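The structure appears below as structure tokens.
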DNA sequence: TCAAAAGTGTTTCGGATACACCCATGA
DNA sequence: TCATGGGTGTATCCGAAACACTTTTGA
């Protein structure tokens, strides 16, 4: 569970349980990619540590819709790639929660089980949105994430593992990159997620063999060296690959 | 959510919410293997359809422990291989629940989100345990599972998909077979889970290359043909492979 | 003109697949 | 003795990995 404070007001504390499912929250690990760095969107309360953006589940809302809502509130994006990856339910996962006197006697004092979702978004399209109760909402490099609220570091780690596994079966990049991108950019994305280097030429061969990319006439200019081609995803084939998985894998 | 009726008594209906987390349940897809058939353990209420064995989450209990408890109640087994695979949270997933008048006005009338676990157990060691509220608790062939309660068919399907994926990264069989088993038995297990035939000789080479099996001196006698060797898992190497994953995959 | 990045091959290797032969067993 | 299933070995293929050369660009 995240975003207790951001959501807290008197009414929410008293009547939240009339609108939301008790004991249940959704946390979103929002991945972005910028300047050859994998990023994650974190939220900071006015008082307290950084945490994952999260929310609660309305009484007539699916888990997925709850995650979509949370995501929209933070990034103002719609049609985001979203994947459920794990449910965290250790009874003591919310370390330090009991000390929060504001919650005493409210439904938020209870133990929460949280459903983890990860999202892949286009960094350039996101205007991070702190709400009125939180100080900041910004991107962090994946390697330099600070100590987070509760078990959120663990959730983040698990999200990254899930993403790595999914990488082998699903085409990613469509969601993390701009519409047009270069092959080196896509390669760097894979390298960052997998946390290991990949041979430039073999990568190109493999990714092109998936037949989900279209090479454009344009090249990317402005770089200090030979200008690389721009590519975009073949939407139809990309969708098909998403549905059916990548035969070869990665 | 499953096992509403099996657990129902007046006290549970009235006071269940004092001991269990509301809106939250755990469902277990228990896989077994017998006579070259992948099986799943299903429960039948005295009134109503077949369903997955499930249970509720105690207030100070982890999701995993809740699943372990459920499993123990049905199979009397401990130390079971257990894997969380998905959380099912569609608000209308419990189709037909509203019609159940017994639940009216109780905490069970509410919508439930259920966490799906699958388990791999040694068929020969299980004595299926219907409790006093349920008629039957028996093994079903995976291909001939009947129409189940709520969205349990969907849950079962998803469990099977998860098992298939995990198969590539984790050594299974240790949990589904007896201590000693033959190579053809293990092969049939893989074939049933993957739902496709595998070449006998290539299978043997591959599985042996994983170095997690030990061939025993004994052979299995009584078959109508050449007696196959018996194998067992090398416990240490098996555990290592479970932790670190199978390099080659399957 | 030159260093660095990008485009486009070829070679090599290992694992996966396909396939063949012999052996043991109970009917 | 023979049909069937089980143990073991070899040839082949394909994708992955390793590697080389040329081209373009701004500094």
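Bear in mind that the values in this text are calculations on the coordinates, not laboratory data. Worth saying up front: this structure is predicted, and the values here are computed from it rather than measured. Glycine gets a Cβ as well: all are built from the backbone with ideal geometry, and neighbour counts include every protein chain shown.
Shielding of peptide B:113-122 by partners, expressed as the average count of other chain Cβ atoms within 10 Å per residue Cβ, is 2. Each label point was placed 7 Å from the Cα along the Cα-to-Cβ direction; for residue B:209 and residue A:135 their separation is 5.5 nm.
Tell me, Kirkwood radius of segment B:1-84 from alpha-carbon pair distances, in Å? Display every interim value, and only then the final one.
Working: mean 1/r = 0.0727 Å⁻¹.
Every distinct Cα pair counted, the radius reaches 13.8 Å.
Taking the centroid of alpha carbons for each part, segment B:151-184 and segment A:142-207 are 28 Å apart.
Per the Kirkwood definition applied to all pairs of different Cα atoms, how many angstroms is the hydrodynamic radius of chain A?
Values: mean 1/r = 0.0517 Å⁻¹.
Taking the inverse mean of 1/r over all distinct Cα pairs, chain A comes out at 19.4 Å.
Shortest first, residue A:208 label-point distances to identical copies amount to 4.2 nm, with the label point at 7 Å from Cα along Cα→Cβ. Averaged over the residues of B:86-94, the number of partner chain Cβ atoms lying within 10 Å of the residue Cβ comes to 6.
Using the number of other C-beta atoms within 10 angstrom as an exposure proxy, rank A:39, A:240 with the fewest first. Mind showing how you got there, number by number?
Values: A:39 22, A:240 14.
Result, fewest neighbours first: A:240, A:39.
Seen against the Cα atoms of chain B and their longest principal axis, helix B:152-167 is set at about 30 degrees.
What FRET efficiency comes out for residue A:232 versus residue B:64 if R0 is 56 angstrom and r is the Cβ-Cβ distance? Round to the nearest 0.05. Mind dumping the intermediate values first?
Numbers: r = 44 Å, r/R0 = 0.78.
In this case the efficiency is close to 0.80.
Of the residues A:170, A:72, A:15, the one that moves most in a GNM of chain A with alpha-carbon contacts below 10 Å is A:15. Largest GNM mean-square fluctuation among A:210, A:71, A:24, using chain A with Cα springs under 10 Å: A:210. With everything on Cα atoms, drop me the angle between helix A:63-75 and the longest principal axis of chain A, reported from 0 to 90° to the nearest 10. The answer is roughly 80 degrees.
Using helices alone, what [θ] at 222 nm do you get for chain A, with -39,500 (n - 2.57) per DSSP H run of 4 or more residues, divided over all residues and rounded to the nearest 500? Write out the running numbers ahead of the final one.
Details: 7 runs with 75 residues, N = 250.
After summing the helix terms and dividing by residue count, I get -9000 deg cm²/dmol.
Quick one: if the Förster radius is 41 Å, what FRET efficiency do residue A:242 and residue A:9 give, using the C-beta to C-beta distance and rounding to 0.05? That gives a FRET efficiency of 0.55.
Report, in degrees rounded to the nearest 10, the 0 to 90 angle that the Cα long axis of helix A:10-19 makes with the longest principal axis of chain A. Around 70 degrees separate the two axes.
The mean sequence distance of close C-alpha pairs (under 8 Å, at least 6 residues apart), as a share of the length of chain B, puts its relative contact order at 22 percent. Spin-label pair residue B:101-residue B:198: with each label point 7 Å from Cα along the Cα-Cβ axis, the two points sit 5.3 nm from one another. Remark: label point of residue A:194 defined 7 Å out from Cα along the Cα-Cβ vector; separations to the same position in other copies 2.3 nm, ascending. Diffusion of the protein assembly as shown by Stokes-Einstein, at 4 °C in a medium of 1.567 mPa s and with Rh set to the Kirkwood radius over alpha-carbon pairs, works out to 52 µm²/s. Put a dot 7 Å past the Cα of residue B:125, heading toward its Cβ, do the same for residue A:220, and the two dots end up 5.5 nm apart. Mean-square fluctuation check for chain B, GNM, Cα pairs under 10 Å: which of B:166, B:65, B:199 is largest? Greatest mean-square fluctuation among the candidates belongs to B:199.
Peptide A:54-61 shows a mean partner chain C-beta count of 2 within 10 Å per residue C-beta.
Multiplying the residue separation of residue A:90 and residue A:76 by 0.36 nm and subtracting their alpha-carbon distance yields 1.9 nm. Placing a label point 7 Å from the Cα of residue B:178 along the Cα-to-Cβ line, the residues of segment B:13-52 whose backbone N sits under 20 Å from it are B:31-40. Ranked from shortest, the separations from the 7 Å Cα-to-Cβ label point of residue B:169 to its equivalents in the other copies are 0.9 nm. For segment A:181-244, the Kirkwood estimate of the hydrodynamic radius, built from every pair of different alpha carbons, is 12.8 Å.
Based on alpha-carbon atoms only, what is the radius of gyration of segment B:138-213 relative to the globular estimate 2.2 N^0.38 Å?
Numbers: Rg = 14.3 Å, N = 76, 2.2 N^0.38 = 11.4 Å.
Normalised by 2.2 N^0.38 Å, the Cα Rg of segment B:138-213 equals 1.25.
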